[in-house]
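Values quoted throughout were computed directly from the atomic coordinates according to the rules given, and no laboratory measurement underlies them. The model shown is predicted, which means the values in this text are computed figures rather than measured ones. Here Cβ is always computed from backbone atoms with ideal geometry, including for glycine, and neighbour counts include all displayed protein chains.
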Amino acid sequence: MRLMASRGRPKPKPVPRSGAYRGTTGTGFYNFQGRDALGMYIENPAAYMSTKSLGFATGGGADAAASTLAGQVISYSDDFVSIHDKYPKASVHCLLLPRNPAVYKEHPVVLLSRRDAKGAAFLESVRAEAEKLRAVVAAELRRRFGQFSAADATREAILRGDMEISGGQLPVGRDWSKDVIVGVHARPSMSHVHVHVFSRDMHSDKMRHRKHYNSFSTPFLVRLDEFPLALDDPRQPYAGGAQGGVLTMSEETANDADDNASESADDSEVKGAQDMGQGKRRHLDYLENDLKCWRCGKTFGNRFQELKRHLQSEFEAWIRE
Ligand SMILES: [Zn+2]
Ligand SMILES: [Zn+2]
């Protein structure tokens, strides 16, 4: 299934640069830095494939596992690549990247809100892939934290050989997938369409300021099941705009082209949001929201360090559920 560009958006021009990676599409030289950094996984996923069989490290603590996995490809097909976010903002944080050049630089909110047949089919294909990745994330959560979980206790004991299986069936245990969130940012600055698939704990040393937190825990993150989004939803690039109202990536991120390859997707996204023109600012107020615990709803104003300490204890309680 291929969704063809239907709005006349020009294809992104390759930028010749010495030492740049040569794409495999034969269209020339690419520079996969800054907001284009996700392109390297799309163009050449095999080069970033994990050396571990399932894309997950074994052994080591959660932090060790997370750093080992950063930027690794989990799986890929002709149409999609799944990777570990290089700068995870949660204990497990993956990205799903469509590989079709006809759409991969569209604004994700516009792309996933299309109501024509091709658009609907594309959304369905993204949903199906995202559900696969959700299952992968859930399995990784169980692998890392199942040993601490009350709901997984019997199952874990059986797997360890500490307990006899009864009724010939391993208990299903905890449904980790219900704690996996799937969505796109309303104002991404990474130029390739990417869907975040992550555990809701927001427990990561890469989660370093209020905007990081709010970009994943407020409606700034448009959940995949909200699509197609109403045209007048304030998170549309042009809320209530005409059919032709498409925000181009260059307009959106013109102020964000700092070409900093070390920036994470979400650092860039936050910058892009901050640099938006006044006319678009009202859509981005989510990032300025008071901090609010995802688990108990307690608010922390802008006291980020206090929230971080609280999230640590919530994380420990959450894995024990
Ligand atoms: Zn993003
Ligand atoms: Zn709480």
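Per Stokes-Einstein, at 4 °C and 1.567 mPa s, what whole-number D in µm² s⁻¹ belongs to the range 121-192, with the Kirkwood radius over Cα pairs as the hydrodynamic radius? It diffuses with D of about 89 µm²/s by this estimate. Here the ratio of the Cα radius of gyration of the range 174-232 to 2.2 N^0.38 Å is 1.20.
Taking the Kirkwood radius as Rh and the Cα radius of gyration as Rg, the range 99-140 has a ratio of Rg/Rh equal to 1.06.
Electrostatic tally near GLN147: other residues with Cβ closer than 14 Å to its Cβ, Lys and Arg +1, Asp and Glu -1, net +1. Multiplying the residue separation of TYR48 and ASP78 by 0.36 nm and removing their Cα-Cα distance gives an extension gain of 9.3 nm.
Taking 7 Å steps out from each Cα toward its Cβ at SER177 and ARG309 produces label points 3.9 nm apart.
Give the long-range amide H neighbours of VAL81: residues separated by 5 or more places, or on another chain, with amide H under 5 Å away, using H modelled in the peptide plane at 1.01 Å from N. Amide H neighbours of VAL81: LEU97, ARG99. The peptide list 144-156, 33-45, 86-98, put in order of mean Cβ contacts within 10 Å with the highest first, becomes 86-98, 33-45, 144-156. Once the chain from GLU321 to ARG115 is taken as fully extended at 0.36 nm per residue, the excess over their C-alpha distance is 70.2 nm. Ranked by the mean number of other Cβ atoms within 10 Å of their residues, highest first, the peptides 114-124, 163-173, 99-109 fall in the order 99-109, 114-124, 163-173.
Using r as the Cβ-Cβ distance of ARG223 and SER166, and R0 as 30 Å, what FRET efficiency do you calculate, to the nearest 0.05? Don't jump to the answer; show the numbers that get you there.
Numbers: r = 38 Å, r/R0 = 1.28.
Rounded to the nearest 0.05, the efficiency is 0.20.
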